[in-house]
């Protein structure tokens with residue numbers, strides 16, 4: 001029997017796909033802004049991010065919610 005994994009959002013069933021993570025530069029291209037602007041959005045808390053080692057990554061779902069919310073850049 002396979003055990004469910006513990007995550008910060010509760011228990012995750014086995015074989016659940018991981019969220020797509022985007023780099024700061026990929027987000028900048030999607031939003032047609034500079035990487036500096038993306039980093040500012042992250043610093044002020046407008047765009048959620050996570051760190052993978054030294055790398056900053058943004059979940060595709062969080063980017064979609066940011067765009068859908070109409071939050072100004």
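Each value in this text was obtained by applying a stated rule to the coordinates, not by laboratory testing. Quick caveat, the model's predicted, so the values are computed rather than measured. Cβ sites come from the backbone with ideal geometry, for glycine too, and all protein chains shown count toward neighbours.
How big is segment 19-69 in terms of Cα radius of gyration and Dmax, in angstroms?
9.8, 29
Order by neighbour count: 63, 21, fewest other Cβ atoms within 10 Å first, most last. Before the final figure, lay out the partial values.
On the way: 63 20, 21 16.
Ascending number of Cβ neighbours within 10 Å: 21, 63.
What's the ranking of 36-44, 49-57 by average number of surrounding C-beta atoms within 10 Å, highest first?
Descending mean neighbour count gives 36-44, 49-57.
Determine the gain in length on full extension of the stretch residue 25-residue 65; use 0.36 nm per residue of separation and subtract their C-alpha separation, reporting nm with one decimal.
Between residue 25 and residue 65, full extension yields 12.6 nm more.
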